[in-house]
Amino acid sequence: WFTAVPGLKVVMPSTPHDAKGLLLAAVRDPNPVIFLEHKNLYQLPRSHVPDGDYEVPLGVASILREGTDVTLVATSNMVHEALKAAGRLAARKEQPVSVEVIDPRTLWPLDEATILDSVQRTSRLVIAHEAPRRGGWGGELLSVVQEKAF
């Protein structure tokens, strides 16, 4: 429900690299920002986080895997599950599926352009997030895509 609060920016990183860069961007942003981290992200294998100062811009999604058959938008911890699923689908011997995996990184502001461009190319959308079915962020994303992509 945080995305419905006027003026509030909502950040949900999926990697340590993004967490550091988004946190620095959030601290420097003149607007209020809420920073949400999934507890399972602390259990991920170590990954490289650059030393020094860098920002990951708020409102800019990341295409983690390019694909042509279906767009899979995943948030936070579900990004890792989405990448695993995309790998398994691509490796199928019969009817492999090419999945484009997008991590929005910020739920608000939402990088609609990146998501809409992908959905218009693939004509299919799967949303993977951990939220209630009713009133969840995925329903809002689905509404945006339905309204603007087709």
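The values are calculated or read from the model by the stated rules, or taken from the named source; none is laboratory data. Predicted model, so just to flag it, every value in this text is computed and none were measured. Cβ atoms come from the backbone with ideal geometry, glycine included; neighbour counts cover every protein chain shown. Accessible surface is based on the protein model in full, side chains and every heavy atom, while ligands, DNA and RNA are left aside. Shrake-Rupley method; radii C 1.70, N 1.55, O 1.52, S 1.80 Å.
For the range 105-150, max minus min Cα coordinate along each principal axis, in Å, sorted largest first?
Projected onto the principal axes, the Cα atoms of the range 105-150 cover 28, 19, 17 Å.
Going from most exposed to least, what order do SER143, SER14, SER62 have by accessible area with a 1.4 Å probe?
Numbers: SER143 60, SER14 0, SER62 25 Å².
Accessible-area ranking of SER143, SER14, SER62, largest first: SER143, SER62, SER14.
For the range 59-146, which semi-axes, largest first and in whole Å, follow from the square roots of 5 times the eigenvalues of its Cα gyration tensor?
Details: eigenvalues 87, 39, 29 Å².
Those come to 21, 14, 12 Å.
Once both labels are modelled 7 Å past Cα along the beta-carbon direction, what's the HIS17-ARG92 spacing in nm?
2.9 nm
Just the C-alpha atoms of the chain: what Rg/Rh do they give, with Rh taken as the Kirkwood radius?
Working: Rg = 15.5 Å, Rh = 16.0 Å.
Here Rg/Rh amounts to 0.97.
Specify the inter-centroid distance of the range 120-135 and the range 59-84, based on alpha-carbon positions, in whole Å.
The distance from the Cα centre of the range 120-135 to that of the range 59-84 comes to 11 Å.
Cα-based Rg (one decimal) and Dmax (whole number) for the range 83-129, in Å?
12.3, 39
To test your reading of the geometry: what angle, between 0 and 90 degrees and rounded to tens, separates the Cα axis of helix 78-90 from the longest principal axis of the chain?
Roughly 20 degrees between the two axes.
For a quick check of understanding: with a 1.4 angstrom probe and all protein chains in place, what accessible area in square angstrom does GLU130 have, to the nearest ten?
Surface accessible to solvent at GLU130 totals approximately 110 Å².
Rounded to the nearest 500, what is the 222 nm mean residue ellipticity of the chain from helices alone, with -39500 (n - 2.57) per DSSP H run of 4+ residues and division by all residues? Mind showing how you got there, number by number?
Details: 4 runs with 50 residues, N = 150.
Computed mean residue ellipticity for the chain: -10500 deg cm²/dmol.
What angle, in degrees between 0 and 90 and rounded to the nearest 10, separates the Cα long axis of helix 112-122 from the longest principal axis of the Cα atoms of the chain?
Value to nearest ten degrees: 10.
Starting from the eigenvalues of the Cα gyration tensor, five times each then square-rooted, give me the equivalent ellipsoid semi-axes of the range 1-85, largest first, whole Å. Present the calculation step by step, with values, prior to reporting the outcome.
Values: eigenvalues 96, 61, 33 Å².
Equivalent ellipsoid semi-axes, largest first: 22, 17, 13 Å.
Angle, helix 137-149 long axis vs. longest principal axis of the chain, Cα atoms, 0 to 90°, nearest 10?
Around 60 degrees separate the two axes.
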